[in-house]
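**Student:** One structure, pasted below without further comment.
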Amino acid sequence: MTADHFPILDATEGGRVVEIAEETSGTFLPGYAPTFSAPFAEWIDRQRDIVDSAIRRVLVGAVAAKKSRGEWSAVEAIAGRILAIDPLNEEATLASAQAMALHGGKVQALAMLDRYLKEIGPDAREIRLPASVLRRRIADAQHIDRSHPVTDPPFTGRAEEVSELLHALELALGGQGSACVFWGEPGMGKTRLAHEFTRVAQFERVQIVRIGAQSNDERRPLSAFVDVVPKLLNLPGAIGCSPDSMQYLRRLIEHNTKDTMPTPDTREAAFLYASIRRSVFDLIDAVASEKCLILIFEDVHWLDAASWEIISEAIPWLATRRALLVMTSRVPDAERKKGITELPSLHRRHLRPLGDTASRKLLDGLLQLRGGAVREDLAEWCAATGGGNPYYLSELALHGLREGGSGSHGYRLPASLATLISERISLLRPISLRVLQACAVLGKNSMLERLETVLQQRRIDLLDAFEELENHGLIISDGARVQSKHDLLSQAALARLTGLSLRLLHHHAALVLEDDVDRPQSVAALWECAEHWLQAGEVGRALRFLRSCAHQAVEIGLPTEAAELLEKAVELTGTTKERIEVLGELVSALRIGGQWHRLLAVLDDVLQLHFSENSQCQNIHDDNELLVLEASYRTSQDPMQIFIRLKACVASSSASSEHRVRAALWATMLGDNLALAADTHEVYDQIGPYLEMAGLEALGHQVKIIYHTVFGDYDVAECSARASVLLARQSKNPEMVVRSLFHSSVAFRMLGFSSDAIIHGTEAYEIAEKQHLGTAACSVANTMAWTYLLRDELVRANEWVDRANHWLPLLQDPSAIYNVLATRAHLAFSRGDYADASWLQEKARQVMGKRMPARSEAHFLSLGIQLKLASTGEAPSSIEVQQLLNLHYQTRILPDHDTIIVGLYASLDAVGQPEKGSMLIADYVSRYRRERSPLTSALKRIMKSNVFNSAISLEDAQWRKNPATTLKSADETNS
Ligand SMILES: Nc1ncnc2c1ncn2[C@@H]1O[C@H](COP(=O)(O)OP(=O)(O)OP(=O)(O)O)[C@@H](O)[C@H]1O
Ligand SMILES: [Mg+2]
């Protein structure tokens, strides 16, 4: 025997509960109360209990299933049926209250929960908790009573997407965050989906932050984060962000129009930018650890490249956070256009057209909202022509209602969605159209009071206009902001403006936003102003804001973006003076960004402009000249030529003293690299009198330290090193302190003050690290590693090279990268890891390309030969030996030569000429080696194992005389 309630009794939770729930109506034998037999009545009651509780179980399961798909009408209906059987059922009460709240019945929802709480009484603490929590969330919720405009069709057909989102939220609540992007054509319902999801999500313990990109954001660096950070900072938990991060975040979102000079740390753009990025993560982390965070980024196809970079870094990071990132986009892979190719953990979902049933449901709902009864022919016509695009469907329905139908083919099909919208807009009263246009021009800055100012209309007229627009579902308001409901609408409204009136609107929008620029958190307004003035055709004002935007980009470590803006700004300049000023800013941005080739071209323009202004000044020695030389050096132009030009600067009596000393500093460094002893002496002789001039002492000390350590008098080098540190400490400029500590540390090593070298180097590193001066930190750490390597303290050396390596990914200067790779290769060789050493050598060679200063070339070749010998036993070719020999002659007067000559000895030994090697070593240690630091152990080993003809003892080998006196003769032998 079977009965219709059997499937109910058999239903399991995961099974066909929804289907069974839909098939089940009423309870067990409703109204049947037999009196003929007491046992039978008892049996019926028992059966009723069993069946009713099974029905309840099935219905509760169905409620959960419907909830997870966001089908709230069904939830409300099924919950109502449960409550009919069991008026105090907890699940049904909560679900019903949620559904009511989502359908705009916040008051009823709260009343229902209050009733329930009263019924269960004050004592049932644990049972009260879920209802009390829900009550509080509904009361606090912001979005639920601001549903989409009343003119919008009821939400339909996206159950799968909603359930995916709810599942992702569940995981995020448990600390497994993720990111997803919903993409699809305009009007397909991306925004609506995100909106419906957040409405439901509010019932959980979450905080929701939403931002939307617009078309001009593509040019605004970090636009998404400039917009989202102020919102995040207002959330509980933000206070947990470190003070250091707070500082960087303020820098990202605030802008002081009075600051025009770049802050010193902008020179370390990559590190600055990395700090900003890190701070954004720190903030998200702080907020999300308070409460699960839902970030909604809309229309990411309009995001700039820098924002995408952070997003791509954030996606895998979210996996262990209580945060969910939901993005919407019109294209499937918006990030690709911005140079990001791989985002494996981003979940992408194509929002396809609604199916027939959903389309029909949408239309029925919409037509009911509009006109009461559904017109069958109209609904069918729309469904057939709307292609499942919700926006198109609704516009078609409205169009059909307006037009009315005649006969069987009554409805005229408009050419496109754009035409449809345009037709709808044409029906607006002129003032309403103007309001819509003003909303469109102001974009996300379209606040009520701004609209009033821009339009200068009587309030009463504005009210009428708002009413008309709202009734037609053309605008949407979230409190202070009044926005055009859809981008397609904005475009259609703007298309109706003449060029002149569009400019006028932009003009007033810019004027209104200018007020914001002076307030904190004004970076976004700054960019908007620039954009509006450009659109308004007000070149002078646009230029002023573009320059401020560029300045701000430099301040957040994005000099390349700043340069792009300034290139645009140059085009807007009117006078030559203005042009020269903007080009100057461009030069600075290009220099910070390391765009040396472009920098050379721009400097050439600047020179031409100066010349056209004043034909006398073609050959002036100024900062630009030194920049040209720096750029030439960085773009691998012949260093000898650069040295010659620097020498001319030093010698020029028409140049300023500062220019000459700067040129001398450069020339000394280059002289060291190129082993140009005689020429460097000449430079030093000329510049000597200027090195102690007031204001030039710091530069002067640097020249003296380098010159005297490499070519001159060791005692002067030592004094200068100590004096330079003192002077720098007085300046309190961390960059200067780091530089002088670093140069002194290198000098001390060579002068034999090993512990001074280590103390100074360690301090330099600590300051550089704290101040995020990455390039300096990397160089210092690398030099420390080298110092320990020469002392055979390999553990320490490894620790320091790891520190240097940490900064490497953000380094731009190839020679700095080369130095770290070279140290690592030496270390790998020292520990016998030849494969690693070879790989590092190869990488180092790639970084430097063909051009290498003589000293680097000598180190490179010497290690290469030793590596080959040690790993394969293969002797070097005669060409290689000769090459190394030549390099040895060229560089033996320079510091740090021990490792080179060890390689040279090994080469000569391998080709059967150990005596020649011994002789060269003897010569080196007795005549050319200028360092007071101890010989390296490798060199000592060779010397011990050889009988030297010249009978040089190890003690004698140390260069104890003041080398300055004998240097010239050494130099002569060298040449
Ligand atoms: N599933 C849906 N059910 C009912 N109405 C919907 C649905 N999806 C979208 N709509 C309605 O269609 C219109 C357009 O939707 P929406 O703004 O979400 O599109 P979009 O995909 O975000 O477009 P765009 O790419 O231009 O931003 C809105 O009025 C919205 O309420
Ligand atoms: Mg949208």
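The values are calculated or read from the model by the stated rules, or taken from the named source; none is laboratory data. None of these values were measured; they are calculated from a predicted model. Methodologically, a virtual Cβ is constructed for each residue, glycine included, from the backbone with ideal geometry; neighbour enumeration extends over all protein chains shown. Side chains included, ligands, DNA and RNA excluded: accessible areas come from the protein's heavy atoms. Shrake-Rupley method; radii C 1.70, N 1.55, O 1.52, S 1.80 Å.
**Student:** Pop out the ³J(HN,Hα) list for the stretch 84-89 in order, Karplus 6.51 cos²θ - 1.76 cosθ + 1.60 with θ = phi - 60°, rounded to Hz; leave Gly and Pro as x.
**Tutor:** 5, 7, 9, x, 9, 5
**Student:** Here's a follow-up. Can you give me the % of accessible surface on the stretch 636-703 that is carbon or sulfur? Probe 1.4 Å, all protein chains present, nothing else counted. Could you put the intermediate results ahead of the total?
**Tutor:** Values: 1420 of 2810 Å².
Summing carbon and sulfur atoms, their accessible area is 51 percent of the total for the stretch 636-703.
**Student:** Okay, moving on. Can you give the helix-only mean residue ellipticity at 222 nm for the chain, where every DSSP H stretch with n ≥ 4 adds -39500 (n - 2.57) and the sum goes over all residues, rounded to the nearest 500 deg cm²/dmol? Walk me through the numbers before you get to the answer.
**Tutor:** On the way: 46 runs with 641 residues, N = 975.
My calculation for the chain gives -21000 deg cm²/dmol from helical runs alone.
**Student:** By how many degrees, between 0 and 90 and to the nearest 10, does the Cα long axis of helix 596-613 differ from the longest principal axis of the chain?
**Tutor:** Between helix and principal axis, roughly 80 degrees.
**Student:** Given the peptides 309-315, 334-340, arrange them by the average over their residues of other C-beta atoms within 10 Å, most packed first.
**Tutor:** Result, highest mean Cβ count within 10 Å first: 309-315, 334-340.
**Student:** Determine which residues of the stretch 756-770 fall in the zone a paramagnetic label at Arg729 would reach in this model, i.e. backbone nitrogen under 14 Å from the point 7 Å along Cα→Cβ.
**Tutor:** 759-761, 763-764
**Student:** If you don't mind, there's one more thing I want to ask. Extension gain Glu313-Arg278, at 0.36 nm per residue separation less the Cα-Cα distance, in nm?
**Tutor:** Working: separation 35, 0.36 × 35 = 12.60 nm, distance 1.03 nm.
Between Glu313 and Arg278, full extension yields 11.6 nm more.
**Student:** Taking R0 as 51 Å, what's the FRET efficiency between Asp685 and Val539 from their Cβ-Cβ distance, rounded to 0.05? If you can, show how the numbers build up before the last one.
**Tutor:** Numbers: r = 53 Å, r/R0 = 1.04.
Using R0 = 51 Å, I get an efficiency of 0.45.
**Student:** With a point put 7 Å past each Cα toward its Cβ, work out how far Ala694 is from Asp604 in nm, to one decimal.
**Tutor:** So the two model labels end up 4.3 nm from each other.
**Student:** Can you tell me the FRET efficiency between Glu403 and Ala480 if r is taken as the Cβ-Cβ distance and R0 is 35 Å, rounded to the nearest 0.05?
**Tutor:** Values: r = 37 Å, r/R0 = 1.05.
Efficiency, from the Cβ-Cβ distance: 0.40.
**Student:** Follow-up question, since we're still on this one. What is the local net charge at Glu395, summed over the other residues whose Cβ is closer than 13 Å to its Cβ (Lys, Arg +1; Asp, Glu -1)? Don't skip to the answer; put the middle values down first.
**Tutor:** On the way: positive: Arg370, Arg402, Arg424, Lys485; negative: Asp152, Glu403, Glu423.
Local net charge: +1.
**Student:** For the pair Arg458/Cys719, report the inter-label distance in nm, with labels modelled 7 Å from Cα in the Cβ direction.
**Tutor:** 8.8 nm
**Student:** Another one. If you roll a 1.4 angstrom probe over the protein chains with everything in place, what fraction of the accessible area of the stretch 829-915 belongs to carbon and sulfur, to the nearest %?
**Tutor:** 52 percent
**Student:** How much area per residue is accessible in the chain when the probe is 1.4 Å and only protein heavy atoms are counted (Å²)?
**Tutor:** Numbers: 43730 Å² over 975 residues.
The answer is 45 Å² per residue.
**Student:** Does anyone have the angle between helix 223-233 and the longest principal axis of the chain? Alpha-carbon axes, 0 to 90°, nearest 10?
**Tutor:** Relative to the chain, helix 223-233 is tipped by roughly 70 degrees.
**Student:** Okay, moving on. Relative to 2.2 N^0.38 Å, what does the C-alpha radius of gyration of the stretch 483-539 come to as a ratio? Two decimals please.
**Tutor:** Working: Rg = 12.5 Å, N = 57, 2.2 N^0.38 = 10.2 Å.
Relative to the 2.2 N^0.38 Å estimate, the stretch 483-539 comes out at 1.22.
**Student:** Assuming a viscosity of 1.567 mPa s and a temperature of 4 °C, what translational diffusion coefficient in µm² per second does Stokes-Einstein assign to the chain, Rh being the Kirkwood radius over Cα pairs?
**Tutor:** 38 µm²/s
**Student:** In Å and from the alpha-carbon atoms only, list the Rg and Dmax of the stretch 451-610.
**Tutor:** 19.7, 62
**Student:** Hey, what angle do you get for helix 697-710 against the long axis of the chain, alpha-carbon based, 0 to 90 degrees rounded to 10?
**Tutor:** 60 degrees
**Student:** Starting from the amide H of Val181, placed 1.01 Å from N in the peptide plane, find each other amide H under 5 Å away whose residue is 5 or more places distant or on another chain.
**Tutor:** Long-range HN contacts for Val181: Met327, His347, Arg348, Arg349.
**Student:** Scan around Arg210 for amide H atoms under 5 Å from its own, H built in the peptide plane at 1.01 Å from N, and keep only partners 5 or more places away or cross-chain.
**Tutor:** Ile296
**Student:** Normalised by the number of residues in the stretch 547-586, what is the relative contact order in percent for Cα pairs under 8 Å and 6+ residues apart?
**Tutor:** 36 percent
**Student:** Could you derive backbone 3J(HN,Hα) for the stretch 753-768 from the dihedral phi with the Karplus parameters 6.51, -1.76 and 1.60 (θ = phi - 60°), listing whole Hz in sequence and x where the residue is Gly or Pro?
**Tutor:** With coefficients 6.51, -1.76 and 1.60, one gets 8, 4, 5, 4, 4, 6, 4, 5, x, 4, 5, 4, 5, 4, 5, 4 Hz.
**Student:** Could you compute how much accessible surface Asp86 exposes when probed at 1.4 Å, giving the result in Å² to the nearest 10?
**Tutor:** It works out to around 40 Å².
**Student:** Continuing with this model, one more query. Could you check the spin-label model distance between Val331 and Phe36? Points 7 Å from the Cα along Cα→Cβ, value in nm.
**Tutor:** 7.9 nm
**Student:** Using packing as a proxy for protection, rank 749-759, 647-657, 224-234 so that the peptide with the highest average count of other Cβ atoms within 10 Å comes first. Mind dumping the intermediate values first?
**Tutor:** Values: 749-759: 18.4, 647-657: 16.0, 224-234: 21.1.
Highest mean packing first, the order is 224-234, 749-759, 647-657.
**Student:** When Lys and Arg each count +1 and Asp and Glu each count -1, what net charge do the other residues less than 14 Å away from Ala465, Cβ to Cβ, add up to?
**Tutor:** Around Ala465, the charge tally is -2.
**Student:** Let me ask something additional. For Arg749, what is the net charge nearby, where nearby means another residue's Cβ is under 15 Å from its Cβ and Lys, Arg count +1, Asp, Glu -1?
**Tutor:** Working: positive: Arg722, Arg791, Arg796, Arg929, Arg930, Arg932; negative: Asp672, Glu718, Asp756, Glu763, Asp792, Glu793, Asp896, Asp898, Glu931.
Around Arg749, the charge tally is -3.
**Student:** Using a 1.4 angstrom probe on heavy atoms only, work out the carbon and sulfur share of the accessible area of the stretch 220-353 in %.
**Tutor:** Numbers: 2870 of 5360 Å².
Looking at the stretch 220-353 in its full context, I get 53 percent from C and S.
**Student:** Among bridges DSSP assigns within the chain, what percent are antiparallel (round to 5)? Provide the component values of the computation, followed by the final result.
**Tutor:** On the way: 5 of 28 bridges.
Antiparallel bridges: around 20 percent, rounded to the nearest 5.
**Student:** For Asp123, project a label point 7 Å along Cα to C-beta. Then give me every residue of the stretch 65-98 with its amide nitrogen under 20 Å of that point.
**Tutor:** 88-90
**Student:** Label 7 Å along Cα→Cβ of Asp45; the stretch 71-90 residues with amide nitrogen under 15 Å?
**Tutor:** Nothing falls inside the zone, counting backbone N under 15 Å.
**Student:** Note down the relative contact order for the chain as a percent, whole number, built from C-alpha pairs under 8 angstrom at least six residues apart. Kindly include the intermediate steps, with their values, before the conclusion.
**Tutor:** On the way: 1388 pairs, mean separation 69.5, N = 975.
Computed value for the chain: 7 percent relative contact order.
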